[in-house]
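S.K.: Please see the structure below; I have some questions.
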């Protein structure tokens, strides 16, 4: 089995590679995990991991300039696919960040957290939302196997998913209001948080992805 981590120049790429390799060892499956900027390798892969980090306009421009867009679209349509952070945001129709068009795999937008957010004690919340936060699983999914309800994951983001269809929402977090942070449909699973920075819980998701056949 070959797993391609898409390198379009935007993402915590080597950390994603190391965490995927660690998850593969934990899963005990035979896999060749490659970090690649070659569209042909992405086409040939059995599974795709699509990370992203930074501003969405820059990420979308880098994806288009890299020539990887069609290979990513092929992965979305045909094989188990894992989007991470801005790589997950790119799967939506549009983002408020620079009014940027996305890949349109999921209907909906990516919105910025409002200014002046306060927690339950009236203390100001900073944007970006950065640090550990609980994720409440709203629907069962094979990738949640062994992940405790309300497990904590690591976030760094100023924008969040706003899906048109609540049926794709698999997990939510609070800042301070609930927002979608895990989405999925069919063969695609995507997280706003950084799995590669989320220690055991993040590794468990990636471990489950190693064995996943793409059936929800």
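The values are calculated or read from the model by the stated rules, or taken from the named source; none is laboratory data. Keep in mind that what you see is a predicted model, and the values were worked out from it rather than measured. No Cβ is skipped: glycine too gets one built from the backbone with ideal geometry, and neighbour counts run over all protein chains shown.
S.K.: Among (1) at pLDDT below 95; (2) farther than 22 Å from residue 202 by Cβ; (3) in contact with a helix residue (DSSP H, G or I) (Cβ under 6 Å, 6 or more places away or on another chain), which single condition is residue 52 missing?
M.R.: (2)
S.K.: Right, something else. Give 156, 183, 147, 169 a once-over and let me know the one that is out of contact with any helix residue (DSSP H, G or I) (no Cβ under 7 Å at 6 or more places or on another chain) and within 18 Å of residue 202 (Cβ to Cβ).
M.R.: The unique qualifying residue is 156.
S.K.: Right, next: Here are 98, 104: which of them is within 16 Å of the chain's Cα centre (by Cα) and surrounded by fewer than 22 Cβ atoms within 10 Å (Cβ to Cβ)?
M.R.: Matching residue, one of 98, 104: 104.
S.K.: When you scan segment 27-41, do you find a residue that is crowded, with 21+ Cβ neighbours inside 10 Å, closer than 20 Å to residue 195 by Cβ, in contact (Cβ under 8 Å) with a residue 40 or more places away in the chain and touching a strand residue (DSSP E or B) at 6+ places or on another chain (Cβ under 9 Å), even just one?
M.R.: Within segment 27-41, none of the residues are crowded, with 21+ Cβ neighbours inside 10 Å, closer than 20 Å to residue 195 by Cβ, in contact (Cβ under 8 Å) with a residue 40 or more places away in the chain and touching a strand residue (DSSP E or B) at 6+ places or on another chain (Cβ under 9 Å).
S.K.: Then there's this: Suppose we filter 33, 5 for residues that are in contact with a helix residue (DSSP H, G or I) (Cβ under 8 Å, 6 or more places away or on another chain), modelled with pLDDT of 95 or more and within 16 Å of residue 190 (Cα to Cα); which single one remains?
M.R.: 5 is the lone residue from the list that is in contact with a helix residue (DSSP H, G or I) (Cβ under 8 Å, 6 or more places away or on another chain), modelled with pLDDT of 95 or more and within 16 Å of residue 190 (Cα to Cα).
S.K.: Something else about it: Out of everything in segment 86-95 that is crowded, with 20+ Cβ neighbours inside 10 Å and touching a strand residue (DSSP E or B) at 6+ places or on another chain (Cβ under 6 Å), what residue ends up being farthest from residue 20 (Cα to Cα)? Quick ask: steps written out before the conclusion?
M.R.: First pass over segment 86-95, keeping only residues crowded, with 20+ Cβ neighbours inside 10 Å: 86-92, 95.
Going one step further and asking which of them are touching a strand residue (DSSP E or B) at 6+ places or on another chain (Cβ under 6 Å), we end up with 87-89, 91-92, 95.
Values: 87: 16, 88: 17, 89: 20, 91: 21, 92: 24, 95: 28 Å.
Looking at residues that are crowded, with 20+ Cβ neighbours inside 10 Å and touching a strand residue (DSSP E or B) at 6+ places or on another chain (Cβ under 6 Å), I get 95.
S.K.: Ok, one more. Run down 200, 174 and say which single residue is out of contact with any strand residue (DSSP E or B) (no Cβ under 6 Å at 6 or more places or on another chain) and under 23 Å from residue 92 (Cβ atoms). Steps first, answer last, please.
M.R.: Values: 200 fails: under 23 Å from residue 92 (Cβ atoms).
Being out of contact with any strand residue (DSSP E or B) (no Cβ under 6 Å at 6 or more places or on another chain) and under 23 Å from residue 92 (Cβ atoms) holds for just one of 200, 174, which is 174.
S.K.: Considering only segment 47-64, how many residues are surrounded by fewer than 19 Cβ atoms within 10 Å (Cβ to Cβ) and within 15 Å of the chain's Cα centre (by Cα)?
M.R.: Count: 2.
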